[in-house]
Amino acid sequence: MAAGDGWIGMNPDWIGNLFWLFLALALLTPLAQSRLLQLRRDGGAQRLARARGSRVLTLIEHRETYRFLGVPFLHRDAAADPERLLRAIALAPKSVPLDLILHTPGGEGLAAEQIAHALIRHPARVTVFVPHYALGGGTLLALAADEIALDPNAVLGPVEARVGPYPASAVLAAAGAGEARDARTLILAGQARKAQAQTEALVAELLLAGGASEERAAEVAGALTGGAWTPGYPIMLEEAQRLGLPVNPLLPPEVYALLDLYDTGPRSRPSTGAVRLDG
């Protein structure tokens with residue numbers, strides 16, 4: 001057999017083996033990348049926990065990007081997992097402070113209300129860190145903390161209930177106008193009144209739990225939920241201080257280092273942070 005004949009005879013097997021090797025790498029590489037990245041995130045959270053003597057929790061909405069041979073080939077949005085966070089709060093030792101890193105445009109009111117109540121029930125100190133934004137339901141969680149570490153350029157937002165796709169205040173304004181109103185608008189207005197009252201009562205409850213007086217809690221709750229601002233109105237550090245919220249601009253460098261391990265872009269900045277409490 002000539003040398004060329006031997007090479008030709010082995011060629012199909014060589015191509016087949018190369019194909020299966022490439023397929024295995026394509027399937028396993030994203031899994032390995034995801035596991036290594038999670039280990040780095042866990043390490044970052046542990047460094048912050050050691051520095052502060054706390055249990056570190058995260059609620060960071062981000063995008064997972066998978067690469068093969070350095071080329072991005074798959075993206076998926078990683079939604080926050082409120083059930084995981086609730087379990088983590090429940091399992092945290094009662095004497096250990098909690099540090100929660102928040103990066104969220106908001107979300108469903110039920111999950112935010114559950115987590116907020118879990119935070120105010122935790123006996124030890126609770127600190128929420130907001131490096132960029134925590135709107136809507138994220139603001140609810142911040143209000144449940146003993147301290148809000150808000151980057152000077154980060155924002156909280158109003159906590160306005162929605163009825164379907166509409167802000168409750170807008171529905172009430174439409175129903176209160178002098179024009180003819182159809183039955184659907186009147187039905188939505190009834191739901192909007194309930195949703196707005198529920199949201200205002202919840203915000204006042206969280207503020208009272210944080211030590212605010214009844215008068216101050218009612219005033220701030222009315223400001224945050226009454227619809228005077230658009231749902232995406234940015235409440236920056238100075239305005240949060242004027243509202244009497246327990247904010248400060250001091251975030252440890254470990255918080256930023258941990259957030260660097262999450263792909264929080266290039267999605268557009270959220271324009272609304274309203275929460276749905278209409279069921």
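Selection over region 96-106 of residues that are modelled with pLDDT under 95 and open to solvent by 30 Å² or more (accessible area, probe 1.4 Å) gives a count of 1.
Checked against (1) within 24 Å of TYR262 (Cα to Cα); (2) touching a residue at least 40 places away in the same chain (Cβ under 8 Å); (3) open to solvent by less than 10 Å² (accessible area, probe 1.4 Å), GLY109 passes all but a single condition, namely (1). Taking region 207-229 as the range and being surrounded by 15 or more Cβ atoms within 10 Å (Cβ to Cβ), touching a Gly at 6+ places or on another chain (Cβ under 9 Å) and more than 19 Å from ILE120 (Cβ to Cβ) as the test, the residues that pass are GLU219, TRP229.
Tell me yes or no: at least one residue of region 163-175 is modelled with pLDDT of 90 or more, open to solvent by 40 Å² or more (accessible area, probe 1.4 Å), assigned to a helix (DSSP H, G or I) and over 30 Å from ARG52 (Cβ atoms). No, there is no match, as no residue in region 163-175 is modelled with pLDDT of 90 or more, open to solvent by 40 Å² or more (accessible area, probe 1.4 Å), assigned to a helix (DSSP H, G or I) and over 30 Å from ARG52 (Cβ atoms). Do you know which residues across region 147-162 are at pLDDT 95 or above, among the acidic types (Asp, Glu) and part of a loop (DSSP other than H, G, I, E, B)? Matches in region 147-162: ASP151 only. Taken together, the residues in region 229-279 that are assigned to a helix (DSSP H, G or I) and at pLDDT below 75 amount to 0.
The values are calculated or read from the model by the stated rules, or taken from the named source; none is laboratory data. As the structure is a computational prediction, the values presented were derived from the model and not from experiment. A quick note on method: Cβ atoms are made from the backbone with ideal geometry, for glycine too, and the neighbour counts reach across all protein chains shown. Ligands, DNA and RNA are excluded from the accessible area calculation, which covers all protein heavy atoms including side chains. Shrake-Rupley method; radii C 1.70, N 1.55, O 1.52, S 1.80 Å.
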